[in-house]
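Below is one structure, written out as structure tokens; comments come after it.
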Amino acid sequence: MNDDILSVLTKYITVEIMKQPNRTIDPAEALLSSGLIDSFHLVDLGLFVEDQFGVRIDDSELNASTFDNLNQLAAFIQARKPG
Amino acid sequence: MPTFSDILKEHYEKTPERTCVTILQPGKPDLPITYRELFRGAAGYIKTYTENGVVPGDVVTLILQHGVDVLYAHFGALLHGAIPSIMPFLTEKLLPEKYRAELAALVEVTTPTAIITYPEFEAEVRAALKPGEDSVKNVIVTDRVHGPMDPDMTSFGGFQRKPEDIAILQHSSGTTGLQKGVALSHQAILNHLNNYAQAIHLTPEDVIVSWLPLYHDMGLIACWLLPILMGNHLVLMSPFDWVRAPYRLFQAVSKFRGTLSWLPNFAYNFCAQKVRDRDMEGVDLSSWRAITNTAEPIKWESHQAFYERFKPYGFRYEALVTSYGMAENVFAIVQGGIDEPVIYEDIDRDSLQTRKIARLAEPGQASIRMVGTGKTIPNSHIRIVDSKGHDLPDRHVGEVALKSDCMLTGYYHRPDLTAKVFIGDWYLTGDYGYTVDEVLYITGRKKDLIIVGGKNIYPQDLELLAYEVAGVHPGRASAFGIYNESTGTEDVVMVAEVDCDDALERQKIADDIRATVTRGSAVALRYVHLVKAPWLVKTSSGKTARSANREKFLKEMQDKGQVY
């Protein structure tokens with residue numbers, strides 16, 4: 001399950017946020033503290049995650065203290081998913 | 001001519017129970033502060049300042065986020081006769097050692113007597129200081145400040161300040177920006193507030209809603225000093241809360257019947273794209289009479305997107321208004337959209353770019369839509385001048401020169417920088433523009449400056465960071481901004497010449513540049529473009545010619561079919 005989430009997230013981040021579709025992202029690679037994603041993109045990412053995975057995320061939840069890499073974000077989504 | 005203290009005292013005596021600021025805190029009840037509470041809180045700070053050896057005329061540096069502490073600390077400093085300067089807060093992106101270096105540089109040039117911060121940030125601040133060597137006598141921590149107390153105004157040093165004395169310092173961030181502390185006198189600021197209040201037809205009923213940071217003129221003047229000194233209710237939320245949940249701005253306007261806001265252009269796109277319907281239920285924006293777009297280039301498309309998105313909630317098109325200004329003039333120079341509708345026109349692109357003349361485009365011609373920033377506010381005057389300082393007629397592009405009764409006293413402790421920007425009593429803004437029937441249009445910048453989301457970024461600071469990366473040689477990187485239509489602001493591009501051919505190694509260098517620049521400046525690079533030498537265009541003195549590199553980059557991208 002997590003692999004699906006990871007690949008969807010990777011595609012969104014490399015294509016829509018980083019504008020480098022050929023880029024790969026290691027699931028343990030730092031995303032926020034490294035500057036790959038900045039605070040303006042967090043809202044986008046939150047909206048995308050809500051629409052894509054059918055989970056509800058409050059605005060205070062997605063930030064550098066809840067995740068910094070794809071593994072952490074995928075786990076967060078997994079825990080939120082119904083059923 | 002009064003000073004800030006005289007004006008504040010009048011509010012305290014005449015309307016002590018009037019709410020001057022309501023602080024919004026997510027997850028907690030709103031916090032209204034009356035003028036009485038403002039004075040009592042400030043009095044606690046004044047006692048603390050006195051005990052810590054801060055005397056009138058001293059600079060105090062505030063490293064505080066939006067909240068009651070910064071309110072009491074800032075107005076306490078003003079009423080004490082000290083000169084407050086607000087330093088941006090450390091974000092998670094910025095490396096602590098870079099922040100320390102910036103703070104040390106700020107201390108060196110502005111020589112504050114004290115720094116005020118939170119207990120959890122004290123160690124970070126102390127790490128930047130050199131006890132016994134620098135000017136700082138004490139780091140004042142908010143939990144050790146005297147609580148609110150009855151003010152004894154006879155002891156407030158602020159009442160002895162003269163109108164021409166410096167009231168506040170204002171810095172932009174980054175190594176270069178911190179060197180230029182804009183020193184503004186009581187008189188300059190009060191002249192500006194009076195002129196600007198006329199330009200926007202400010203009435204006591206106006207309610208200002210803001211999330212803007214206080215280390216930028218738009219936030220510090222329009223959405224802090226203006227309402228609190230003029231007696232208008234200010235509804236304040238933190239920029240960190242807004243960027244996470246932009247809908248809060250709309251809920252706040254609806255709840256408090258907000259009438260005025262100021263926003264940089266990117267915020268129009270950001271709000272139009274990122275606010276969900278579910279967060280807009282019951283929101284009524286009909287009270288909003290003017291949102292002023294300023295601090296970065298104004299785009300017609302951004303206004304349209306904002307209007308289309310918020311029209312169903314009672315938002316009025318006439319509320320989208322414009323301005324152009326800078327800290328050196330306290331804040332605004334022109335204002336548009338209040339007395340007459342905002343004006344825009346389609347300009348012949350070739351004529352503008354090659355002949356520097358803003359000719360109206362014929363049908364079918366490639367054109368650029370320009371939005372007028374407005375007409376000068378009372379007591380500010382502009383000229384458009386060529387490189388020799390001669391006046392240019394309407395529709396001819398030149399540098400915008402400015403004269404007013406609200407100019408800066410100077411860059412604090414930097415007379416060398418001050419001397420560079422004046423020709424006689426005219427201040428050269430470093431921005432290019434043209435006028436048509438007194439309306440000012442801004443076309444570009446003479447100075448190499450990138451503006452992202454209203455924040456000024458000096459490319460040389462970013463290039464210095466890139467040179468720290470193994471594989472990048474000093475002098476062989478160039479940073480510049482490119483307008484992004486979707487976000488409504490500039491993307492930052494870094495082009496660097498590297499020698500190696502290995503794809504993996506190049507990817508690593510690109511990642512390192514990204515990480516080093518972000519961690520060193522809190523600026524996220526959108527594109528890192530690695531090239532083979534010789535690619536970069538240099539000036540005759542060997543410096544990178546950023547605008548030429550920008551053109552070259554754009555052309556390469558266009559040839560590859562990627563158009564920005």
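The values are calculated or read from the model by the stated rules, or taken from the named source; none is laboratory data. Quick caveat, the model's predicted, so the values are computed rather than measured. Cβ atoms come from the backbone with ideal geometry, glycine included; neighbour counts cover every protein chain shown.
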Matching residues, segment B:358-382, being within 28 Å of B:Ser172 (Cβ to Cβ) and crowded, with 17+ Cβ neighbours inside 10 Å: B:Met370, B:Val371, B:Gly372, B:Thr373, B:Gly374, B:Lys375, B:Thr376, B:Ile377, B:Ser380, B:Ile382
Being of a type in the set (A, V, I, L, M) and not in a strand (DSSP E or B) is the filter here; which residues of segment B:474-531 pass it? B:Val498, B:Ala503, B:Leu504, B:Ile509, B:Ala510, B:Ile513, B:Ala515, B:Val517, B:Ala522, B:Val523, B:Ala524, B:Leu525
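Quick one: is B:Gln460 within 11 Å of chain A (Cβ to nearest Cβ) and surrounded by fewer than 22 Cβ atoms within 10 Å (Cβ to Cβ)? Even if it seems obvious, please write down each step before you answer.
Working: within 11 Å of chain A (Cβ to nearest Cβ): no; surrounded by fewer than 22 Cβ atoms within 10 Å (Cβ to Cβ): yes.
No: the conditions fail for B:Gln460.
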Do any strands (runs of 3 or more DSSP E) entirely within segment B:136-188 hold 2 or more residues that are small (Gly, Ala, Ser) and closer than 16 Å to B:Asp217 by Cα, and if so, which? B:182-185
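Kindly indicate which of B:Gly471, B:Gly444 is more than 14 Å from chain A (Cβ to nearest Cβ) and over 30 Å from B:Ile347 (Cβ atoms).
Numbers: B:Gly444 fails: over 30 Å from B:Ile347 (Cβ atoms).
Going through B:Gly471, B:Gly444 in turn, just one is more than 14 Å from chain A (Cβ to nearest Cβ) and over 30 Å from B:Ile347 (Cβ atoms): B:Gly471.
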Tell me which residues, restricted to segment A:26-41, are within 22 Å of B:Val493 (Cβ to Cβ) and under 11 Å from the mean Cα position of the chain (by Cα). A:Leu31, A:Leu32, A:Ile37, A:His41
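Of the residues in segment B:536-546, how many are touching a Ser or Thr at 6+ places or on another chain (Cβ under 9 Å) and either within 12 Å of another protein chain (Cβ to nearest Cβ) or not in a helix (DSSP H, G or I) (or both)? First the steps, then the outcome.
Taking segment B:536-546 first, the residues touching a Ser or Thr at 6+ places or on another chain (Cβ under 9 Å) are B:536-538, B:544-546.
Checking which are either within 12 Å of another protein chain (Cβ to nearest Cβ) or not in a helix (DSSP H, G or I) (or both) leaves us with B:536-538, B:544-545.
Number of matching residues: 5.
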When you scan segment B:141-176, how many residues do you find that are within 17 Å of B:Val60 (Cα to Cα), modelled with pLDDT of 95 or more and under 26 Å from the mean Cα position of the chain (by Cα)? 6
Pick from segment B:485-518, criterion surrounded by fewer than 15 Cβ atoms within 10 Å (Cβ to Cβ) and closer than 30 Å to B:Ala295 by Cα, ranking: farthest from the other protein chains (Cβ to nearest Cβ): B:Glu485
Considering (1) at pLDDT 85 or above; (2) among the β-branched types (Val, Ile, Thr); (3) over 20 Å from B:Ile457 (Cβ atoms), say which one B:Val563 fails and leave the rest. (1)
